[in-house]
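Below: one structure, written as structure tokens.
Bear in mind these aren't lab numbers, they're just calculated from the coordinates by the rules spelled out. Source: prediction; values computed, not measured. Positions of Cβ are generated from backbone atoms using ideal geometry, with glycine treated the same way; all protein chains shown enter the neighbour counts.
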Amino acid sequence: MPELPEVEITKRGLEPSLINQIFDNIFIYQENLRWPIQKNIKSVLRNKKILSLSRRGKYLLINLENGSLIIHLGMSGSLKFLSKHSIKLKHDHVIFRFCSGSYLTFNDPRRFGSIHFSKEPNSFWLIKNLGVEPLSDEFNIDFLWKKCKKSKSTIKQLLMNHKVVVGVGNIYASESLFYAGINPRKIAHKISKKKLVLLITEIKTILSKAIKLGGSSIRDFTNSNGKMGYFQQSLVVYNRENEPCVKCNTKIKRVILGQRSSFYCYKCQK
DNA sequence: AGTCGCGCCTGGCGGC
DNA sequence: TGCCGCCAGGCGCGAC
């Protein structure tokens, strides 16, 4: 399931191949993704050149002369660059063809992903209300302290609230709370400033590390080279219910918070 | 205004 | 072996 690191890896992987490509045609095999693909997307993209790629939260932005293609990978989405025509795979919902004869395919078994076009992506409805980037300087103790002070929800739910901070999904929320020694069920405004400082450091560290290692993957994610990420091998609590804690050997617990599985060690995380 | 529960969708897995 | 039912998970939205 792609989180911020996976999207960043996809972006970095695709960028060299996509820069300067000019859209020729778009083949839509399934228009009902998380949001229906807009009807005019073919005409909007045709003959437009790709200038750059960027990322906002888990949204990948393919920036053109006239606006941006906004792609979300949902839970199971992946993008692949193909230098020449190839057989359409199951769940290849959209295939972009470039004038060079190369292709970009959007594959997404669960169809939680989406594809949009916007002339001004920063004010696009899916983007404009997003919180701060966790790897930016805006994600600092003053910011998180203020957010926590006025929050009645648990720290894990606050971390996963994309109006607060983007890109921290279920896996990295669980992992960073473990490293910071904070119980995911702890109410946000009851956590000390000192602990929050540590939490910020751990989030930044773990996301950077995951990007470096090539992204994590539980089941569905493959990066743009088609290789499985291997960060999953270094997950310490996520999906490890009843396995021993790496620090103290206590059995890892699983609880549901906000409809999501959360994993933690009740001895190491207070 | 902040928080919570719902539903979209498919593949994989456990149970019989 | 085959089929069924359940579950995961991102995230916008409506309800409170």
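Here are the numbers for this structure:
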quantity: Distance violations [Cα-Cα > 31 Å] among A:K39/A:K80; A:K39/A:K146; A:K11/A:K193; A:K39/A:K212; calculated: A:K39/A:K146; A:K11/A:K193; A:K39/A:K212
quantity: Hydrodynamic radius of chain A per Kirkwood, over alpha carbon pairs, in Å; calculated: 19.5 Å
quantity: Convex hull of Cα atoms in the range A:49-163, direction-averaged projection (nm²); calculated: 9.0 nm²
quantity: Helix-only CD estimate at 222 nm, as mean residue ellipticity for chain A, using -39500 (n - 2.57) per DSSP H run (n ≥ 4); calculated: -7500 deg cm²/dmol
quantity: Estimated distance in nm for a label pair at A:V246 and A:K39, the labels positioned 7 Å out from Cα along Cα-to-Cβ; calculated: 5.2 nm
quantity: A:N20/A:L89 FRET efficiency (R0 30 Å; Cβ-Cβ; nearest 0.05); calculated: 0.70
quantity: Candidates A:G258, A:G77, A:G181: whichever shows maximal mean-square fluctuation once chain A is modelled as a Gaussian network with Cα springs under 10 Å; calculated: A:G258
quantity: Full-extension gain in nm, A:S151 to A:R254, via 0.36 nm per residue minus C-alpha separation; calculated: 34.8 nm
quantity: Cβ-derived FRET efficiency at R0 22 Å, A:S208 paired with A:N47, nearest 0.05; calculated: 0.05
quantity: Selected from A:I95, A:L64, A:S118, residue furthest toward positive end of dipole (the range A:64-119; charges at beta carbon); calculated: A:I95
quantity: Cβ-derived FRET efficiency at R0 41 Å, A:N66 paired with A:K190, nearest 0.05; calculated: 0.25
